[in-house]
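Here is the structure we will look at.
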Amino acid sequence: MKVVIIGGVAGGASAAARLRRLDEQAEIIIFERSGFISYANCGLPYYIGGTIEDKSDLTLQTPQSFWRRFRIDARVRHEVTAIDRENRTVTVRNLETGAVFAESYDKLVLSPGAVPVRPKLPGIESARIETLRTVEDTLRIRETVVGQKLRSAVVVGGGFIGVEMAENLRELGLDVRLVEMQPQVLSQFDADMASFLHAHLRKHGVELLLGRAVSGFADTETGVRVRFSDSTEAEADLVLLAIGVAPDSALAREAGLSLGARGSIAVNDRMQTSDPDIYAVGDAVEIFHRVTGQRTTVPLAGPANKQGRIAADNIAGLESRYKGAAGTSVLKVFEMTAAATGLSERAAQAAGVAYDKVILAPASHASYYPGGTVMTIKLLFSPEDERILGAQIVGFDGVDKRIDVLATAMQAGMPVTALKDLDLAYAPPYASAKDPVNMAGFIAENVLSGRVKQFFYEDLAALPTDGSVTLLDTRTDAEYAGGHADGFATHIPVDDLRARIGELDPAKPVYVMCQSGLRSYIACRILAQHGFDCFNFAGGYRFYASVRHDRFDERCRTDCGAPPAQGTRK
C-alpha cells in the first residue's frame, strides 16, 4: 500500500508516524511545501520573543530523522498543486528546482492546515506587514525585529496569535498596540472574563485599541501607517496581521471534494472525505462540536494530532472514530493564564442552548500556604439535565489543571453536581481540601436546588433605585471604604449581620455583594432563614470592579480622567 500525505506539522506527521507503527510495509511519502516537516507551530511566537532561544528547538522532526526512525520519505519544499482522483495521482512541484512530476497513491491524506486571513485592504501588500504561520515566517520576523532594532509594532487581531505576539513583541521592548475589531480580545471568552486579561495586558504596557476596524495601510519613510474606519490612525515600524485563519481547502475544492463550514473539508468520523480513498485532518477539516452537535472548525493542535492518528488507523484497517472536540484551550498572557472549554455564554446564546451559570473566585491553593493567587471560574451548565456546557478560567496558578478536569468531566457526560464529589489531589502547595472544581459543583448544586438565588453584573442596571430593595455589602469596613458597587449603600459586615439584622426590612428583597461571593452566600443563608428574599452576587466585588473598569476604559479611549467614584451613580 502506498500512502501519500500532503502537509506535515501536527496532523500529517502524526498520521505518518502512526501508520508506520501499524504497517511496516506501507510506502509512506509526505510532501510539505515549507522547509520544515514537523515543527512546534504553537511555539513560534515564543521564539520571536526570545523565550525559546535556539531555533533548532522548534523542529520536532527532520526529513532525515523521519527516515532513520520510521523509513518515511518526507520531502520538504514540495508543493502538491493538483489531485487526479480518477487516476489516483497528485501533481507535485519541487520548489527548489521547479521540476513538476506526478506521484501515485493508494490512499491520500490531506493535512494542508489553515492560512492567515489577509483581507483585500489598501496597502495590504506592504513588506512591513507580516503574518505568522511557518518557521520561515518566524525566523524572518525575529530577524527583522531584532536585526533592525524595531521600536514599535501594531498587532491586528486579538485572537490566540495576536495576544501571544503582542506579549512577545512587548517582551522584546517594543511599543505594542493591539487592535481588535470586536470590543474584546479572545472571542472564546465572554467579555466579563476577558476584562481581567485586558487589565493585565494594559498593566504590561500593551495599548488596546478595541472596537476598531482597520480600513487600510500606507507605507511611510520609517514604517507603516494603519488607518481605521473611524478616521483615526496609528503608525509603527511593523504590522503583524493576526485576524484569524481560514481552512486551506483549495486543493480539495479543485478536486471536487465536498466542503463544509467556512469552506472546510467535509469528513466523516473516520476522517474520510467524500472520496473514500482520500482522508483529511487538521485545521482544514470540518468536525463535530461535542456540546452543540453542530459542524464547525477547531484549528487547534490537539484535535489535529488525534485526527491524524484516527486517519492512519482506518487506512490500516482498524476501527477508529473521531468523536469531535469542545475547543479546549489554554493561553499564557504574561504572568496570567486563560483557559476555556465548551461553550461561552455568547456561543450558547448563538446556538440556542439554554444554560445557567456560576461564577466563583477561589484561591489556587490553601490560603495559609504562601504564594496562592485568586482565579476566576465561570461555569455553564444545563438547568434541565445538569449537563456541563462550558467553562472559562482566568488566573495565575493552577488554571490549566482545573480546565482539564472540567473538560474531562464534560466529555464524560458528568452532571455538574457530580463535580462536588470528585476525589482530587490535595496538598497545601497545590490545592485546597475543597478544590476550586469541587467548589464549582457545590455552588451549582445550591443554585439548582434553589438554596441560592443569584444575580449578575448584567442585572445591576435594572435593580430598582427607589428604595424598594436593599443593596447590601457584607465586606469589612476597610474593604467597603476602599470602594463599593454603585448603589450598595447599606453596609453590614457578615460577622455583624445576626446582631444587626433588625436594621433590614424583611419586606424588601435583599441583593448582597462581598469580595468573592462567599461571605455574601453566608449572608444570604442567614437572611433566608430569617424570612428574607435574598440574592447573591455571582463573582463578588472583585469581578464587578474588573468588568466595570474595563467597560469604562473602552468608553473612554482618550484621556477623560479616572472612573467615577465607586459607590455613586453617574
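When the residues of the stretch 246-300 are filtered to those that are among the charged types (D, E, K, R) and out of contact with any Lys or Arg (no Cβ under 8 Å at 6 or more places or on another chain), which remaining residue is modelled with the lowest pLDDT? Let's see the steps before the verdict.
Pass one, the stretch 246-300, residues among the charged types (D, E, K, R): 248, 253-254, 262, 269-270, 275, 277, 283, 286, 290, 295.
If we keep only those that are out of contact with any Lys or Arg (no Cβ under 8 Å at 6 or more places or on another chain) too, we end up with 248, 253-254, 262, 283, 295.
Values: Asp248: 95, Arg253: 97, Glu254: 97, Arg262: 89, Asp283: 94, Arg295: 93.
Out of the qualifying residues, it is Arg262.
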**OP:** May I ask you to say which residue of Gln349, Gln392 is within 23 Å of Gln188 (Cβ to Cβ), without any contact (Cβ under 8 Å) to a residue 40 or more places away in the chain and either open to solvent by less than 30 Å² (accessible area, probe 1.4 Å) or under 20 Å from the mean Cα position of the chain (by Cα) (or both)?
**Re:** Gln349
Subject >> Extreme residue, nearest to Gly11 (Cα to Cα), among residues of the stretch 246-285 that are charged (D, E, K, R) and touching a Pro at 6+ places or on another chain (Cβ under 8 Å) >> reply: Asp283
Subject >> Among (1) within 22 Å of Ala199 (Cβ to Cβ); (2) open to solvent by 30 Å² or more (accessible area, probe 1.4 Å) - the single one Ser329 does not satisfy >> reply: (2)
Subject >> Inter-residue pairs, beta-carbon under 8 Å, first touching a residue at least 12 places away in the same chain (Cβ under 8 Å) and closer than 22 Å to Ser34 by Cα and in the stretch 134-152, second surrounded by fewer than 17 Cβ atoms within 10 Å (Cβ to Cβ) and among the polar types (S, T, N, Q), 6+ apart >> reply: Val135/Thr59
**OP:** Please indicate, with yes or no, whether at least one residue in the stretch 222-230 is under 24 Å from Ala361 (Cα atoms) and out of contact with any strand residue (DSSP E or B) (no Cβ under 8 Å at 6 or more places or on another chain).
**Re:** no
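Which of the following residues is open to solvent by less than 30 Å² (accessible area, probe 1.4 Å) and either more than 17 Å from Val109 (Cα to Cα) or among the basic types (Lys, Arg) (or both): Phe70, Phe31, Phe66? Quick ask: steps written out before the conclusion?
Working: Phe70 fails: open to solvent by less than 30 Å² (accessible area, probe 1.4 Å); Phe31 fails: either more than 17 Å from Val109 (Cα to Cα) or among the basic types (Lys, Arg) (or both).
Just one listed residue meets the conditions, Phe66.
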**OP:** Among the candidates Ser516, Ser468, Ser520, single out the residue that is hydroxyl-bearing (Ser, Thr, Tyr) and surrounded by fewer than 17 Cβ atoms within 10 Å (Cβ to Cβ).
**Re:** Ser468
Original post:
Could you list, in sequence order, the residues of the stretch 393-435 that are touching a strand residue (DSSP E or B) at 6+ places or on another chain (Cβ under 9 Å) and of a type in the set (Lys, Arg)?
Top reply: Arg402
Original post:
Which of the residues belonging to the stretch 436-465 are in contact with a strand residue (DSSP E or B) (Cβ under 6 Å, 6 or more places away or on another chain) and open to solvent by 60 Å² or more (accessible area, probe 1.4 Å)?
Top reply: Lys453
Original post:
Does Val80 satisfy the criteria of being of a type in the set (Val, Ile, Thr), modelled with pLDDT of 95 or more and surrounded by 20 or more Cβ atoms within 10 Å (Cβ to Cβ)?
Top reply: yes
Original post:
Looking only at residues in the stretch 34-63 that are assigned to a loop (DSSP other than H, G, I, E, B) and free of Cβ contacts under 8 Å to residues at least 60 places away in the same chain, which one is surrounded by the most Cβ atoms within 10 Å (Cβ to Cβ)?
Top reply: Ile37
Original post:
Just for the stretch 365-389: of the residues that are open to solvent by 20 Å² or more (accessible area, probe 1.4 Å) and of a type in the set (S, T, N, Q), which one is farthest from Ser187 (Cα to Cα)?
Top reply: Ser367
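The values are calculated or read from the model by the stated rules, or taken from the named source; none is laboratory data. Because the structure is a prediction, the values reported are computed rather than measured. Heads up, the Cβs are rebuilt from the backbone with ideal geometry, glycines too, and the neighbour counts pull from every protein chain shown. Heavy atoms of the whole protein, side chains included, go into the accessibility calculation; ligands, DNA and RNA do not. Shrake-Rupley method; radii C 1.70, N 1.55, O 1.52, S 1.80 Å.
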